[in-house]
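One structure is given below, encoded as structure tokens.
The values are calculated or read from the model by the stated rules, or taken from the named source; none is laboratory data. Keep in mind that this is a model prediction, so the values were computed, not measured. Backbone-built Cβ (ideal geometry, glycine too); neighbour counts: all protein chains shown. Heavy atoms of the whole protein, side chains included, go into the accessibility calculation; ligands, DNA and RNA do not. Shrake-Rupley method; radii C 1.70, N 1.55, O 1.52, S 1.80 Å.
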Amino acid sequence: MTNQNPVALVTGASRGIGRSIAVMLSKQGFRLLLVSRGQTGLEETARRCPDLGPEGIVLLATDLTQPEAPRRIIQHARATFGRLDLLVNNAGAVVSGPIGSYTLEQWEELMALNARAPFFLMQEALPLLRAAPRGCIVNIGSVVSKAGYADQSLYSASKHALLGMTKAAARDLAADRIRVHAVLPGGVNTAMVGDVRPDIDASELISPDEVAETVRFLLSMDGNAVIDELVIRRAAKPAWPV
Ligand SMILES: NC(=O)c1ccc[n+]([C@@H]2O[C@H](COP(=O)([O-])OP(=O)(O)OC[C@H]3O[C@@H](n4cnc5c(N)ncnc54)[C@H](OP(=O)(O)O)[C@@H]3O)[C@@H](O)[C@H]2O)c1
């Protein structure tokens, strides 16, 4: 790894989809700044990456619901690597229940993690992304960025917000040649889906590595073709959902 290698920031990299994306990026030659609350999970992710050398992979245990977290994380990227080529806003959580069941505290916490943190990470990262040869942002939404499922009104609100900011940022940043993509998976085989959809047979879930593979594909398109969004459905779901 040298200063020539691009740098990616991946949030929610301590397990699940974020871990798979981090491992995939390390194999593509990215140096990594990995963020989540849990240090142990981040260390396990780092162990699964090829050896990136002592300065190739940096772990930052941070709670993204803290308002100042985005600024601190980007400052860390600047101080450690002096560059940032790719921001992957992946960290997220879900709460479920009928619309009458949520508290104000649940709203504030979920929106802080799923919507506010990615928004301000994008904003804070702009100077570094503008300076990168090919700045890029990938926001991990969900099929509920577009649909409304029963018992998922709060999660759906947060993921619609994430998709909305992705669309607008893609327009805002086009002149800077920064591409902003949305990846919208259906049920993925991680801890999160077990919490909300224990009814789905694990054998029918998308694997986190499959989601990482779609991100690899998006990033490989660096010519005149741009894929703004990728919607990934489980094979067991009907094709072309309305
Ligand atoms: N699984 C699915 O079916 C599915 C489907 C569509 C979209 N998604 C989206 O995919 C993304 C990843 O989900 P996943 O399925 O991989 O879930 P997961 O296995 O529960 O992983 C969530 C990640 O986010 C981190 N995180 C949670 N709260 C955080 C906080 N306050 N501050 C910093 N990091 C935090 C977790 O690490 P710590 O706990 O260590 O902080 C973990 O690394 C989410 O945005 C999710 O909405 C998931």
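Please go through segment 53-65 and give me each residue that is farther than 13 Å from Thr11 by Cβ and either part of a helix (DSSP H, G or I) or open to solvent by 10 Å² or more (accessible area, probe 1.4 Å) (or both), ordered by number. Explain how you work it out, then say what you get.
Filtering segment 53-65 down to residues farther than 13 Å from Thr11 by Cβ leaves 53-58.
Correct list: Gly53, Pro54, Glu55, Ile57, Val58.
From Thr40, Thr65, Thr80, Thr2, grab the single residue that is among the hydroxyl-bearing types (Ser, Thr, Tyr) and in contact with a helix residue (DSSP H, G or I) (Cβ under 9 Å, 6 or more places away or on another chain). Write out each step before concluding.
Working: Thr40 fails: in contact with a helix residue (DSSP H, G or I) (Cβ under 9 Å, 6 or more places away or on another chain); Thr80 fails: in contact with a helix residue (DSSP H, G or I) (Cβ under 9 Å, 6 or more places away or on another chain); Thr2 fails: in contact with a helix residue (DSSP H, G or I) (Cβ under 9 Å, 6 or more places away or on another chain).
Checking each option against the conditions leaves just Thr65.
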Within segment 128-150, is there a residue that is more than 19 Å from Asp228 (Cα to Cα), touching a helix residue (DSSP H, G or I) at 6+ places or on another chain (Cβ under 7 Å), within 14 Å of the ligand (Cβ to nearest atom) and open to solvent by less than 50 Å² (accessible area, probe 1.4 Å)?
no
Of these, Leu104, Leu32, which one is free of Cβ contacts under 8 Å to residues at least 40 places away in the same chain and closer than 19 Å to His181 by Cβ?
Leu32
Looking at this structure, is Ala117 touching a residue at least 24 places away in the same chain (Cβ under 8 Å) and farther than 29 Å from Tyr149 by Cα?
no
Of Gln4, Gln66, which residue is within 18 Å of the chain's Cα centre (by Cα) and free of Cβ contacts under 8 Å to residues at least 12 places away in the same chain?
Gln66
Just name the residue that is least open to solvent (accessible area, probe 1.4 Å) out of those in segment 1-51 that are near the ligand (Cβ under 10 Å from one of its atoms) and part of a loop (DSSP other than H, G, I, E, B).
Ala13
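Restricting segment 188-222 to residues that are assigned to a helix (DSSP H, G or I) and away from the ligand (no atom under 13 Å from the Cβ), which is surrounded by the most Cβ atoms within 10 Å (Cβ to Cβ)? Step through it out loud before you land on a result.
As a first pass, look at segment 188-222 and keep what is assigned to a helix (DSSP H, G or I): 191-196, 202-204, 208-220.
Restricting the remaining residues to those that are away from the ligand (no atom under 13 Å from the Cβ) gives 203, 213, 216-220.
On the way: Ser203: 7, Glu213: 15, Arg216: 14, Phe217: 12, Leu218: 20, Leu219: 22, Ser220: 9.
Looking at residues that are assigned to a helix (DSSP H, G or I) and away from the ligand (no atom under 13 Å from the Cβ), I get Leu219.
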Failed item, numbered, when Gly53 is tested on (1) farther than 24 Å from Ala115 by Cα; (2) modelled with pLDDT of 95 or more
(2)
Unmet criterion (only one of (1) open to solvent by 20 Å² or more (accessible area, probe 1.4 Å); (2) at pLDDT 95 or above) for Leu121
(1)
